[in-house]
Amino acid sequence: MSELAPEVAQIRDLLTTGQRFLLSSHARPDGDSLGSQLALGEALDQLGKEVRIVNADPAPDLYRFLPNVSRIEVSTSLELTEADGIVVLECGTLARTGVEGLAPYTVVNIDHHAGNTMFGAINWHDASACACAELVCELIDALGAELTPSMATHLYVAILTDTGSFRHANITERTFEICRRIAATGVEPAAIAAQVYNNGSLGRLRLTGMLLDRMELEDDHRIAVLTLRDEMLHASGCADDDLEGIVNLPLAVRDVRAVVFLKHTTDGIRVSLRSKDTIDVRAVAVEYGGGGHRNAAGLTLTDTTAEARAALLGQVGAAVANADGAPPSD
Ligand code: AMP
Ligand code: MN
């Protein structure tokens, strides 16, 4: 086995010498945040540690099939007297956990988002990882824990969803080596993919239809804009955690280079951005206090006026033009 990086060795030492740990991740958890936490939680169980997983929001329905998902406690404020460490996974800033009260503890930050603020006492940041779960797999090995079928399921869901079903650019040999090991535990990748992709509600499909029906195309079809209105949720009977993945659909169109998905909420407009190739939508999100990855990022638009929307679309258009090396046509 290759030599461990110093921060990984430090994390291993903290986790093996301490006894009580709390794991957390970003609010509105996705497949990678849930899978990373549950897999590491089970590795720590194997070592006989006391482990709690606390998230600000519940797992979306889509992920309720994950083994042991019910062990995740949902709370925005931490009531904990003692812990030997808090491991924050897949989260660019401590505030994005949405959980108050973590800062006084020894915080371990394990993440793959570009722009991670290195908020931990120990920081393991590797933006080359296709999912935080890749780092978790390495940590499981460093801890000497066994990769069980349930942990393999957690890691596979994390990798499958965070790579856009093995389509993003950050998939490497390491990704497939981990997937090989996952399959070797006996779990069936196709069965897991079916749980994720073939198990949605009828309402979700109807909502997808409504969103695509009203899709707007800007910038000579380079930018697709989806807008979710409350009445669509009512008409389809969907909750807003049923939306995962819909934002990627317009990328199937040859001319579409980027997608802007606008969701009106009480705090403003939550925006998901997606892009192809080298188009950097993360840079746009950062301008608005958001973040994410080059091809998948998010932000909240507090100014809900038409001008603010137009300005955002202008920034996305500039990102597209910048990457494509040509100004948008008139
Ligand atoms: P989403 O569009 O919500 O699926 O998010 C896409 C990516 O951007 C994920 O990696 C998120 O973790 C990240 N992201 C979304 N919103 C924010 C935000 N407000 N701040 C930082 N990262 C974000
Ligand atoms: Mn991730």
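Among rounded, prolate and oblate, which fits the chain when a ≥ b ≥ c are the square roots of the eigenvalues of its C-alpha gyration tensor, a/c under 1.5 means rounded, and a/b larger than b/c means prolate? The partial results should precede the final answer.
On the way: a/c = 1.67, a/b = 1.64, b/c = 1.02.
In terms of gyration-tensor shape, prolate.
Mind ranking 200-211, 241-252 by how tightly packed they are, going by the mean number of other C-beta atoms within 10 angstrom, highest first?
Values: 200-211: 16.3, 241-252: 18.2.
Per-residue mean Cβ counts within 10 Å order the peptides as 241-252, 200-211.
With the contact rule set at Cα under 8 Å and sequence spacing of 6 or more, what percent relative contact order holds for segment 6-197?
Working: 382 pairs, mean separation 45.9, N = 192.
Averaging sequence separation for qualifying contacts and normalising by length gives 24 percent for segment 6-197.
By count of other Cβ within 10 Å, fewest leading, how are His125, His26, His264 ordered? Kindly include the intermediate steps, with their values, before the conclusion.
Details: His125 19, His26 24, His264 14.
In increasing order of surrounding Cβ atoms, one gets His264, His125, His26.
Indicate the helices, whole DSSP H runs only, in the chain that combine a mean Kyte-Doolittle hydropathy of -0.5 or more with a Cα extent along their long axis of 20 angstrom or more.
Details: long enough: 31-46 (22 Å, -0.09); 306-324 (27 Å, 0.58).
Membrane-span-like by this criterion, though nothing is claimed about a membrane: 31-46, 306-324.
What's the ranking of 151-160, 135-144 by average number of surrounding C-beta atoms within 10 Å, highest first? Present the calculation step by step, with values, prior to reporting the outcome.
On the way: 151-160: 27.4, 135-144: 21.2.
Sorting 151-160, 135-144 by mean packing, highest first, produces 151-160, 135-144.
From the phi of every residue in segment 113-129, what ³J(HN,Hα) in whole Hz does the Karplus formula 6.51 cos²θ - 1.76 cosθ + 1.60 yield, where θ is phi - 60° and glycine or proline is x?
With coefficients 6.51, -1.76 and 1.60, one gets 6, 4, x, 3, 7, 6, 7, x, 6, 10, 10, 10, 10, 9, 6, 7, 6 Hz.
When a/c is below 1.5 the answer is rounded, else prolate if a/b is larger than b/c, else oblate, so apply that to segment 6-165 with a ≥ b ≥ c taken from the square roots of the Cα gyration tensor eigenvalues. Walk me through the numbers on the way to the answer.
Details: a/c = 1.17, a/b = 1.10, b/c = 1.06.
Rounded, since a/c falls under 1.5.
Quick one: compute the contact order of segment 202-330, relative version, from alpha carbon pairs under 8 angstrom and 6+ residues apart, as a percent. Mind showing how you got there, number by number?
Working: 222 pairs, mean separation 25.0, N = 129.
So the answer I get is 19 percent.
At a 10 angstrom cut-off on C-beta neighbours, averaged per residue, how do the peptides 7-17, 217-227 rank from highest to lowest?
Highest to lowest by the protection proxy: 217-227, 7-17.
So what's the back-of-envelope 222 nm ellipticity for the chain, counting only DSSP H runs of four-plus at -39500 (n - 2.57) apiece and dividing by all residues, rounded to 500?
-11500 deg cm²/dmol
Just add up the charged neighbours of Asp61: K/R +1, D/E -1, any other residue whose Cβ is under 14 Å from the Cβ of Asp61.
Details: positive: Arg28, Arg64, Arg204; negative: Asp30, Asp57, Asp240, Asp241, Asp242, Glu244.
Result for the neighbourhood of Asp61: -3.
Read the figures in this text as sums done on the coordinates, not as results from a lab. Being a predicted model, the structure only gives us computed values, none of them experimental. Because the Cβ atoms are built from the backbone with ideal geometry, glycine has one as well, and the counts that use them run over all protein chains shown.
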